[in-house]
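What follows is a single structure, written as structure tokens, with notes after it.
Values in this text are rule-based calculations from the coordinates and carry no lab data. Not measured: the values here are computed from a predicted model. All Cβ positions, glycine included, derive from the backbone under ideal geometry; neighbour counts span all protein chains shown.
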Amino acid sequence: MSKEIATQPIAGQKPGTSGLRKKVTVFQQPNYLENFVQSIFDALGDVRGREIALGGDGRYYNRNAVQTILKMAAANGIKRVVVGQGGILSTPGTSCVIRKRKLSGGIILSASHNPGGPDGDFGIKYNTENGGPAPEKVTDAIYEKSTTITRYLTVDAPDYDIDTLGLGKLGDLEVEVIDSVEDYADLMQQLFDFPAIKNWLANGHSIRFDSLSAVSGPYATRIIEGLLGAPKGSVVNGIPLEDFGGHHPDPNPAYATDLIEHMNAADAADLGAASDGDADRNMIVGRNLVVTPSDSLAIMAANATLVPGYHKGLAGVARSMPTSCAVDAVAKALNIPAFETPTGWKFFGNLLDAGKATLCGEESYGTGSDHVREKDGVWAVLFWLNILAATGKSVNEIVEAHWAKYGRHFYSRHDFEGIDTDAANKLMDSLRERLPQLTGTPLRGRKVALADDFAYHDPVDGSMSQKQGLRLVFEDGSRIVYRLSGTGTEGATLRVYIERYEANPSRHGLETQTALSDLIELSRDLARISELTGRTEPTVVT
Ligand code: G16
């Protein structure tokens, strides 16, 4: 029986870069999750008769949240909820399910690359009917509702069995529990040359895919070991655990250290890969070589016609502003447009829907295409496998040939995590104030061509997004970008992105931090990082 529970607004329910992310303990407060879920339903208007997807990355509190949301969906008059078995659906997997089954949206439970467990993080985000993250006007409306909420709706009912496949009822709500992987695996087989990859694997090549005990495990295992026939053990840490087995499920060299160690060993696999908590991020690793996400995007764009799903070529490419300009060089050579958007996958949605971009990517280990409306970790790894199988070359040969042709964009991100929020805001405000005077001035031998706070004018819906990161672009194409992270849950994280273009192949072998050392020093001095935050070194360098 449906009932109305009185509640009141809880401060701080504003979605960040990708949904609402907080400590599990915050979500466990009375009414915290309920308030946000009701705000989603209220912001959507009349939800009666809608069909939505529901699932998450399996982290701690995932199963509780699924039950709470099912009961609220029933009380709010939703017609059908399609749930991944056991509450498991990856972020790109959910996007795929929404699109394939023509649902009106979906709720994804994940704090992505943030650690899980009772002391870790939890998160919730809403995706719209195109399968992509809700755009800012929707997330703003959800937040508005959360500030005035007075009641939420739920039903008195026992927990629903989300482990048994099939259709059932919770009150008037139809609940369909689906295989978490099937829709997604079908789509991958339409895009990639599975027989060629199978051959490549059967002919002595190997892959090591580290799922970091997160949700890519069931997807990678079914597809790579199952459909593609890679030997058992090619996917490691393949069972999603509520605390990710203590792993920090962020696929970068700082956190996926075991994979890096394996890829530096004498018996390394031909391709190393890792994915994050909700399987939308990916890291590509060759022998003794981590491919930067910005380079990976550029290389995928340059080789896209080798992949059946993209054999007709690309309509355009898109990257977030802090991502290196490597893909722009490819777009120029291919004579296709390259779009520059703010950080956040939601900004790619309109470009993909309008057919203006086919491939998108971000420096934060995210790449994707118009096959779904999320970045997609397993897809990116299959894309690389397809390139390796089609060319017969190694990861290192492909990367080096790419640099030789297009030049190398040396690139690094320095994160200063958990700094005092006031200090971080002060640093950004003070830099923002000084920016206008910097244009045209020389700084340590480089002239500043542009210094601004990045604003994005969406070419499809005309919306404007202001204050998306402070950037300095030098006349030689080098860049320094400053942003505050929108996905952290403790204090503030300052991200500093540093890039330098090098055309000369004899210098492509330089170590990245060495190649960027003068810009790194400048980035710290200019923003007065140590003076204002007390930090002399970043916590994470990728
Ligand atoms: C999310 C967004 C990405 C963004 C990343 C980092 O990724 O979907 O578009 O690049 O956060 O954001 P920030 O620099 O604000 O922390 P994910 O994988 O966490 O959903």
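In the chain, once you exclude exposed GluC sites (Glu not before Pro) (DSSP loop, at most 13 other Cβ within 10 angstrom), what's the longest stretch remaining? The segment 1-474 is the longest one with no such site. Of the trypsin sites (Lys or Arg not before Pro) in segment 77-149, the ones in a loop by DSSP (not H, G, I, E or B) with at most 11 other beta carbons within 10 Å are Lys102. Charges were assigned to the Cβ only: +1 to each Lys and Arg, -1 to each Asp and Glu. The resulting dipole of the chain about its Cα centre is roughly 880 debye. Among the listed pairs Lys14/Lys145; Lys137/Lys467; Lys14/Lys137; Lys23/Lys125; Lys79/Lys346; Lys3/Lys79, which have their C-alpha atoms separated by more than 19 angstrom in this model? Check vs 19 Å cut-off fails for Lys79/Lys346. Normalised by the number of residues in the chain, the average gap of Cα pairs under 8 Å and 6 or more apart makes the relative contact order 13 percent. Per residue, the convex hull spanned by the Cα atoms of segment 345-468 measures out at 190 cubic angstrom.
When the Cα positions of Thr539, Asn303, Gly440 are compared along the charge dipole of the chain, Gly440 comes out farthest toward the positive end, with charges on each C-beta of Lys, Arg, Asp and Glu. Trypsin sites (Lys or Arg not before Pro) within segment 180-235: which are DSSP loop residues with at most 12 other Cβ atoms inside 10 Å? Here the trypsin sites (Lys or Arg not before Pro) that fit, given the DSSP loop and packing criteria, are Lys232.
The simple spin-label model puts a point 7 Å past each Cα toward its Cβ; for Asn264 and Arg444 those points are separated by 2.6 nm.
Rounded to the nearest 20 debye, the dipole size of segment 184-406 about its Cα centre is 680 debye, using +1 on the Cβ of Lys and Arg and -1 on the Cβ of Asp and Glu. Potential lengthening of the chain between Met464 and Lys23 amounts to 155.7 nm, from the contour at 0.36 nm per residue minus the alpha-carbon distance. Given their separation in residues at 0.36 nm each and the Cα-Cα distance between them, Asn199 and Glu129 gain 21.5 nm when the chain is fully extended.
Using +1 on the beta carbon of Lys and Arg, -1 on that of Asp and Glu, and nothing else charged, what's the dipole of segment 408-541 about the Cα centre, debye to 20?
I would put it at about 340 debye.
Remark: the Thr7-Lys405 segment gains 137.2 nm on full extension, using 0.36 nm per residue and subtracting the alpha carbon distance.
Comparing Cα centroids, segment 485-506 and segment 362-437 end up 9 angstrom apart.
Distance between the C-alpha centers of segment 176-221 and segment 320-352? Whole Å please. Taking the Cα centre of segment 320-352 as reference, the centre of segment 176-221 is 27 Å away.
Evaluate the relative contact order of segment 2-180 (contact order divided by residue number), counting alpha-carbon pairs under 8 angstrom at least 6 apart; express in whole percent.
Details: 388 pairs, mean separation 62.5, N = 179.
With pairs under 8 Å counted, the relative contact order is 35 percent.
For Met464, neighbours were defined as the other residues whose beta-carbon sits under 15 Å from its Cβ, and their charges (Lys and Arg +1, Asp and Glu -1) total -4. Panel note: the C-alpha atoms of the chain, placed on their principal axes, show extents of 72, 59, 41 Å (largest first).
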